[in-house]
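Novice: Pasting a structure here, questions to come.
The values are calculated or read from the model by the stated rules, or taken from the named source; none is laboratory data. Bear in mind that the values here come from a model prediction, so they are computed numbers and not experimental data. Ideal geometry is used to build each Cβ from the backbone, glycine not excepted, and the neighbour counts take in all protein chains shown. For the accessible areas, the whole protein counts, side chains as well, though only heavy atoms, and no ligand, DNA or RNA atoms are used. Shrake-Rupley method; radii C 1.70, N 1.55, O 1.52, S 1.80 Å.
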Amino acid sequence: MTQPVQTYDIAVIGAGVIGCAIARRLTLDGARVVVLEKAADILDGASKANSAILHTGFDAPEGSLELACVQEGYREYEALHAQFNLPLDRCGALVLAWSAEQEARLPALMEQARANAVSDVVPLTRTETLALEPNLNPDVRAAFRVPRESLIDPWSAPHAYLLQALLNGGTLKRNCAVSGGSFDGAIWTLDTTKGPLRARHVVNAAGLYGDRIDAALLGQTQFTIRPRKGQFVVFDKMAAGLARHILLPVPTATTKGIVVCRTVWGNLLVGPTAEEQDDRETAGLEAETLRMLHAKGAEILPALAQEEVTSIYAGLRPACEHKDYQIRAHAGRNMVTVGAIRSTGLSSALGTAAHVARLLQGQGHAPAPLSAPQVPRMAMLAEEGARDWQASGNDGMLCHCERVTWREVRAALDDPLAPKTLAGLKRRTRATMGRCQGFYCGQAVQDLLAESTDA
Amino acid sequence: MTAHPETVDALIIGAGPAGLSAATELRRQGGGQVVVLEREATAGGIPRHCLHSPYGLREWKRLMFGPAYAKRLVQEAKGAGVEIRCQTTVTALHPGGEVDVSAPDGPRRIRGRVVLLALGARETPRAARLIGGTKPGGVMNTATLQSFAAFSKHRPFHRPVILGTELVAFSALLTCRTLGARPVAMLEPGPEITARGVFAAAPRALGVPLYRNTRITAIHGRAQVDGITVESNGVQRDIACDGVVVTGGFRPENALLRAAGLALDPGSLGPRIDQYGRLTDPAYFSAGNVLHPIETAGWCWEEGRRVARCMAAALNGALPPRDTAEPLAVDGVTQGDALAYALPQELCAPAPQVPPAFDRVQMRLRQPFSGQVRVAGQSHWIASRPERRITLPLHPTPEAE
């Protein structure tokens with residue numbers, strides 16, 4: 001007996017943090033969802049590199065869709081993180097003024113925060129600021145504190161979202177690029193590198209290629225992606241003790257500026273830059289910029305001057321000519337575009353997903369929520385949690401710098417979302433991401449991955 | 001209250017040449033229960049994956065390859081009654097010789113009446129060198145390349161570029177041959193080859209072009225390296241390759257020391273020691289490449305043996321109090337900050353019946369230097385280049401006396 005060609009309820013194009021969150025939301029709402037990712041692994045585009053902050057939206061444009069999604073996303077992350085074993089480090093942020101001009105702008109920024117319903121911001125004098133952050137450059141003039149700005153794990157969170165979709169009936173297709181498609185009034189047929197695929201609704205969450213997917217499926221697009229590159233430098237665990245808060249500058253018209261903050265893994269990062277470019281694939285690092293970031297970090301935390309950079313990375317944000325998110329339901333086409341999620345995608349993902357689910361209902365997709373969905377329990381990689389190396393039966397430590405056990409790496413390779421690339425394995429386990437960058441464990445880690453992908 | 005931690009006479013952290021020779025010597029000196037903690041699954045340290053000579057000349061007057069040498073170190077230690085615990089990672093050092101460890105059966109604490117930190121050294125990775133470009137596969141330090149040759153059936157690349165010309169870069173060259181890889185070039189950012197004379201001929205003999213005054217400005221490729229951009233005298237050009245071996249730039253594996261607040265030498269980045277190899281906390285001693293990146297296995301082996309004798313003396317209460325130490329006085333290396341480090345960094349009032357482990361000062365320079373230096377009150381003429389070991393006799397009496 002031949003199987004009839006299967007028709008999904010929803011096809012989500014793109015497995016970045018936004019696509020993963022949308023797949024979860026729609027699956028929990030009872031839809032049969034397929035996620036199409038052109039790369040060999042999920043989180044391979046804009047979502048692979050960011051500053052790992054869960055934003056409150058205190059500095060988002062008032063009344064923007066971005067603000068609404070960030071705040072809805074924040075609330076849902078706060079509600080679900082413990083159940084998923086995902087970290088949430090409520091360290092708070094300080095917005096720091098280094099000049100009289102910047103100091104003069106602080107009241108307006110606090111006013112904007114309150115207008116955005118972030119009402120718990122606290123102004124700080126220079127003395128109060130230095131009491132909270134004793135390693136800060138004493139040239140700081142004033143600051144305000146945003147208590148609920150937090151740190152999260154930018155990779156285990158979207159993994160958890162997609163894993164929950166998969167555990168509850170969702171499908172992921174990797175190495176599956178969408179080149180075009182047609183809509184017959186009820187059903188989309190998408191042309192993919194893995195053959196035609198049928199779905200009642202399509203969600204374009206293609207990130208850096210969002211405008212191209214719109215053009216391929218709709219023949220037009222209402223925005224043009226202009227990638228904005230951000231380079232970062234990362235310092236080792238010893239430097240993480242230098243800052244408790246997320247240290248933010250007073251923003252400019254084009255960028256939130258260069259942030260200094262810890263990571264949930266106990267490192268310290270400085271970045272990002274904001275560099276417009278045409279290339280959508282390659283986020284190149286430049287030695288001169290990396291040196292500038294190190295120097296910038298040392299201006300803020302003078303002790304950083306003595307610290308060695310342990311890791312470097314760069315990412316591309318899918319910015320466009322508009323300031324706000326470009327989320328649209330296309331009337332009569334059973335399609336929603338989620339475009340230009342330029343720098344707050346990690347914070348807003350769950351809220352953006354809820355917004356998209358509502359737009360799809362408006363297009364006639366009726367939800368039938370699952371009564372008892374399965375919840376994945378993620379491996380805890382953050383310093384705040386109980387790590388596997390602290391438990392018995394861990395098979396010993398494989399990556400000594402980041403304290404990753406053999407059991408953790410084997411578990412990642414034995415997961416429904418098992419990585420196919422070294423970068424993917426690193427995102428799931430942190431193996432080789434520490435100060436030695438694989439000097440000790442690089443070969444063993446690559447062999448484990450090769451055995452897993454050969455099998 | 002938790003129970004008292006397991007206590008042993010001597011705890012050795014690191015089962016490389018320094019740690020294993022120290023453990024063996026401690027047993028031979030009647031050092032009681034000697035336990036070596038090794039975080040890898042197999043003891044032996046870096047020589048385990050150095051598939052070439054020369055090893056063993058100083059120790060046993062035999063020419064050996066690294067793996068056989070590592071096995072022999074382990075056999076000698078076990079034969080002397082040393083207990084080696086592999087897959088046991090030290091996660092924290094506490095005052096007085098108590099250490100936290102993580103093992104497959106979970107975490108716990110062990111105390112050594114004396115503890116040797118033989119933590120070794122590692123190469124500077126690509127990231128710390130701020131080399132630009134993308135982050136494809138196929139970029140690695142020499143040790144990782146050696147691990148592929150020794151332990152893996154996989155080949156990380158076929159046509160790599162080798163960056164650097166310290167001695168270890170020539171190990172990378174030889175290891176590439178073992179792996180069947182053909183290096184396309186060897187690059188030296190400076191004007192001169194760092195390793196000593198005879199090695200300068202090696203690339204030519206192996207048919208590998210050597211480019212001086214050449215640095216990598218960008219690495220290209222997505223999944224795997226597909227080329228690099230180099231700059232030489234202001235001119236950029238591309239070299240096609242599928243890997244980059246980033247060699248040398250050794251630095252001590254000092255994270256545990258820093259986290260414990262033990263005093264470090266800002267030049268060596270290793271611990272500050274006295275002439276007995278003791279750290280500022282006198283329960284802790286140190287030997288091998290964590291002190292001085294980087295010396296040969298044979299040098300570290302000898303140093304481990306010498307420090308072990310001081311540890312045995314410490315167990316008998318025969319060492320002078322650590323707090324009598326005064327900084328070693330080095331004067332006369334006047335060209336900027338030409339002196340990278342000199343060890344031991346401190347001298348204690350000597351104990352006449354205990355020969356110091358460090359009876360000579362070991363120095364390295366950052367810049368070429370020739371001239372007169374005064375070390376611990378004695379004048380010496382030195383002429384040396386960076387990354388070369390200088391040793392000068394050390395009179396055990398501090399200048400103050």
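Novice: Check A:CYS176: other-chain or 5+ apart residues with amide H under 5 Å from its amide H, H built from backbone geometry?
Specialist: Correct list: A:GLU37, A:LYS38, A:ALA39.
Novice: Let me ask another. Report the equivalent ellipsoid semi-axes for chain B in whole Å, largest first, defined as the square roots of five times the eigenvalues of the gyration tensor built from alpha carbon atoms. Don't skip to the end; give the middle numbers.
Specialist: Working: eigenvalues 269, 142, 69 Å².
Whole-Å semi-axes of the equivalent ellipsoid: 37, 27, 19.
Novice: Can you list the lysines whose alpha carbon sits under 24 Å from that of B:LYS78, skipping same-chain ones fewer than 8 residues off?
Specialist: B:LYS61
Novice: Something else: Once Rh is set to the Kirkwood radius over Cα pairs, what Stokes-Einstein translational diffusion coefficient, in µm²/s, holds for the range B:178-272 at a temperature of 37 °C and a viscosity of 0.692 mPa s?
Specialist: On the way: Rh = 16.1 Å.
Answer, rounded: 204 µm²/s.
Novice: If one takes the accessible area of chain B alone plus chain A alone and subtracts that of the pair, with a 1.4 Å probe, what total in Å², rounded to the nearest 100, results? Provide the component values of the computation, followed by the final result.
Specialist: Numbers: alone 17840 and 18480 Å², together 32790 Å².
Roughly 3500 Å² of accessible surface disappears when B and A pair.
Novice: Related question: R0 = 22 Å: FRET efficiency of B:TRP381 with B:ARG212, Cβ-based, nearest 0.05? Write out the running numbers ahead of the final one.
Specialist: Values: r = 29 Å, r/R0 = 1.34.
About 0.15, to the nearest 0.05.
Novice: According to the square roots a ≥ b ≥ c of the eigenvalues of the Cα gyration tensor, what is the shape class of the range A:208-303, taking rounded for a/c under 1.5, prolate for a/b larger than b/c otherwise, and oblate for the remainder? The partial results should precede the final answer.
Specialist: Numbers: a/c = 2.51, a/b = 2.45, b/c = 1.03.
The shape class here is prolate.
Novice: So, one more: How would the range A:34-164 be classified by its alpha-carbon gyration tensor: rounded, prolate or oblate, with rounded meaning a/c under 1.5 and the a/b versus b/c comparison settling the rest?
Specialist: Working: a/c = 2.22, a/b = 1.93, b/c = 1.15.
Cα axes put the range A:34-164 in the prolate bin.
Novice: Still on this structure: Suppose each label sits 7 Å from its Cα in the direction of the beta carbon; what would the A:GLN374-B:ALA318 distance come out to in nanometres?
Specialist: Going by the 7 Å Cα→Cβ label model, 6.6 nm.
Novice: Would you tell me the mean number of C-beta atoms belonging to other protein chains that fall within 10 Å of each C-beta in B:142-150, as a whole number? Each step should come with its number before you reach the end.
Specialist: Details: counts 1, 6, 12, 2, 1, 9, 4, 1, 1.
Mean partner-chain Cβ count within 10 Å for B:142-150: 4.
Novice: Let me ask something additional. Rounded if a/c is under 1.5, else prolate if a/b beats b/c, else oblate: with a ≥ b ≥ c from the C-alpha gyration tensor eigenvalues square-rooted, which is chain A?
Specialist: Working: a/c = 1.81, a/b = 1.30, b/c = 1.39.
The shape class here is oblate.
Novice: Grab the beta carbon distance between B:ASP226 and B:THR7, set R0 = 51 Å, and tell me the FRET efficiency rounded to 0.05. Write down the numbers at each step before the final one.
Specialist: On the way: r = 56 Å, r/R0 = 1.09.
Given R0 = 51 Å and the Cβ-Cβ separation, E is 0.35.
Novice: Output the Cα-based Rg and Dmax of the range B:127-246 in Å, rounding Rg to one decimal and Dmax to a whole number.
Specialist: 13.3, 41
Novice: Can you give me the Rg/Rh ratio for the range B:228-289, using Cα atoms for both radii and the Kirkwood formula for Rh?
Specialist: Values: Rg = 19.2 Å, Rh = 14.9 Å.
Across the range B:228-289, the Cα-based Rg/Rh ratio is 1.29.
Novice: What is the Å³ per residue value for the convex hull set by the Cα atoms of the protein assembly as shown?
Specialist: Values: hull volume 164.2 nm³, N = 856.
Dividing the Cα hull volume of the protein assembly as shown by its residue count gives 192 Å³.
Novice: Kirkwood Rh over Cα pairs of the range B:242-389 into Stokes-Einstein at 4 °C, 1.567 mPa s: D in µm²/s? Each step should come with its number before you reach the end.
Specialist: Working: Rh = 16.2 Å.
Diffusion coefficient, whole number: 80 µm²/s.
Novice: Please report the antiparallel percentage of DSSP beta bridges with both residues in the range B:127-246, rounded to the nearest 5.
Specialist: Here the antiparallel bridges make up roughly 45 percent for the range B:127-246.
Novice: Just the accessible area per residue of chain A, please: how many Å² with a 1.4 Å probe? Numbers along the way, then the final one.
Specialist: On the way: 16740 Å² over 455 residues.
In whole numbers, chain A has 37 Å² accessible per residue.
Novice: Quantify, in whole percent, the carbon and sulfur part of the accessible surface of the range A:388-454 (1.4 Å probe; protein heavy atoms only). Mind dumping the intermediate values first?
Specialist: Working: 1030 of 2220 Å².
On the range A:388-454, the fraction of accessible area on carbon and sulfur atoms equals 46 percent.
Novice: Could you tally the net charge around A:ALA23, taking each other residue with its Cβ under 12 Å from the Cβ of A:ALA23, Lys/Arg +1 and Asp/Glu -1? Let's see the in-between values first.
Specialist: Numbers: positive: A:ARG24, A:ARG25, A:ARG32, A:LYS173; negative: A:ASP9, A:ASP29, A:GLU37.
That works out to +1.
Novice: In the range B:80-106, what residues drop by 30 Å² or more in accessible surface going from the chain by itself to the full protein assembly, probe 1.4 Å?
Specialist: B:GLN87, B:THR89, B:THR91, B:SER102, B:PRO104
Novice: Still on this model: Would you work out the charge dipole size for chain A about its Cα centre, treating the Cβ of every Lys and Arg as +1 and the Cβ of every Asp and Glu as -1, and quote it to the nearest 20 debye?
Specialist: On the way: 46 positive and 49 negative charges, 149 e Å.
In total the dipole reaches around 720 debye.
Novice: Moving on. Using just the Cα positions, wrap the range A:388-454 in a convex hull and report its mean projected area in square nanometres, one decimal place. Numbers along the way, then the final one.
Specialist: On the way: hull surface 16.4 nm².
Averaged projected hull area, Cα only: 4.1 nm².
Novice: Students often forget the sequence filter, so: which lysines lie under 17 Å Cα-Cα from A:LYS426 once same-chain residues fewer than 8 apart are removed?
Specialist: Result set, ordered by chain and number: A:LYS48, B:LYS135.
Novice: If you don't mind, another one. Express the carbon and sulfur contribution to the solvent-accessible surface of the range B:127-246 as a percent, rounded to the nearest whole number, probe 1.4 angstrom.
Specialist: Values: 2640 of 5040 Å².
Carbon plus sulfur share of accessible area: 52 percent.
Novice: A follow-up question, please. Please compute the length gained on full extension between B:HIS52 and B:LEU167, using 0.36 nm multiplied by the number of residues separating them and subtracting their Cα-Cα distance.
Specialist: Values: separation 115, 0.36 × 115 = 41.40 nm, distance 1.28 nm.
Net length gain for the segment: 40.1 nm.
Novice: Now for a separate question. Could you tally the net charge around A:GLU451, taking each other residue with its Cβ under 13 Å from the Cβ of A:GLU451, Lys/Arg +1 and Asp/Glu -1?
Specialist: Within the 13 Å Cβ shell, the charges total 0.
Novice: Another question, then. Using the heavy atoms of the protein chains and a 1.4 angstrom probe, tell me the accessible area per residue for the range B:127-246 in square angstrom. Could the numbers behind the result be given before it?
Specialist: Working: 5040 Å² over 120 residues.
Averaged over the residues of the range B:127-246, the accessible area is 42 Å².
Novice: Go ahead and set up a Gaussian network model of chain B, Cα springs under 10 Å, then flag whichever of B:ARG196, B:ARG360, B:ARG305 fluctuates most.
Specialist: Answer for the Gaussian network model of chain B: B:ARG196.
Novice: Hey, another quick one. What distance in nm lies between label points placed 7 Å from Cα along the C-beta direction at A:ARG126 and B:ARG196?
Specialist: For the pair A:ARG126/B:ARG196, the computed spacing is 5.8 nm.
Novice: Which of the helices in chain A, when you take each full DSSP H run, stretch at least 15 Å along the axis at their Cα atoms and have an average Kyte-Doolittle score of -0.5 or higher? Can you show the working numbers first?
Specialist: Numbers: long enough: A:17-28 (17 Å, 1.40); A:65-84 (28 Å, -0.27); A:100-115 (24 Å, -0.60); A:156-167 (16 Å, 0.85); A:287-300 (20 Å, -0.02); A:345-362 (25 Å, 0.66); A:442-454 (18 Å, -0.31).
Long hydrophobic helices here: A:17-28, A:65-84, A:156-167, A:287-300, A:345-362, A:442-454.
Novice: Calculate the radius of gyration of the Cα atoms of the range A:1-73 to one decimal place, then report Dmax, the largest Cα-Cα distance, as a whole number, both in Å.
Specialist: 16.1, 59
Novice: So how much accessible area does A:LYS426 have, in Å² to the nearest 10, using a 1.4 Å probe?
Specialist: Ignoring ligands and nucleic acids, A:LYS426 comes out at about 50 Å².
Novice: Which values, in whole Å and largest first, are the semi-axes of the equivalent ellipsoid of the range B:72-172 obtained as the square root of 5 times each eigenvalue of the Cα gyration tensor? Mind showing how you got there, number by number?
Specialist: On the way: eigenvalues 235, 70, 43 Å².
Semi-axis lengths for the range B:72-172 are 34, 19, 15 Å.
Novice: Just to confirm the number: angle between the C-alpha axis of helix B:297-315 and the first principal axis of chain B, 0 to 90 degrees, nearest 10?
Specialist: Once rounded, the angle reads 20 degrees.
Novice: Ok, one more. Cross-link candidates for A:LYS296: which aspartates and glutamates have Cα within less than 18 Å, leaving aside residues fewer than 8 places away along the same chain?
Specialist: Straight-distance partners of A:LYS296: A:GLU133, A:ASP139, A:ASP236, A:GLU275, A:GLU286, A:GLU288, A:GLU307, A:GLU308.
Novice: So, one more: Past the 29 Å Cα-Cα mark, which pairs from A:LYS420/B:LYS71; A:LYS237/A:LYS323; A:LYS194/A:LYS256; A:LYS173/A:LYS229?
Specialist: Values: A:LYS420/B:LYS71 36 Å; A:LYS237/A:LYS323 36 Å; A:LYS194/A:LYS256 40 Å; A:LYS173/A:LYS229 27 Å.
Flagged as over cut-off: A:LYS420/B:LYS71; A:LYS237/A:LYS323; A:LYS194/A:LYS256.
Novice: Counting DSSP beta bridges in the protein assembly as shown, what percent are antiparallel, to the nearest 5?
Specialist: Values: 95 of 147 bridges.
In the protein assembly as shown, DSSP labels about 65 percent of beta bridges as antiparallel.
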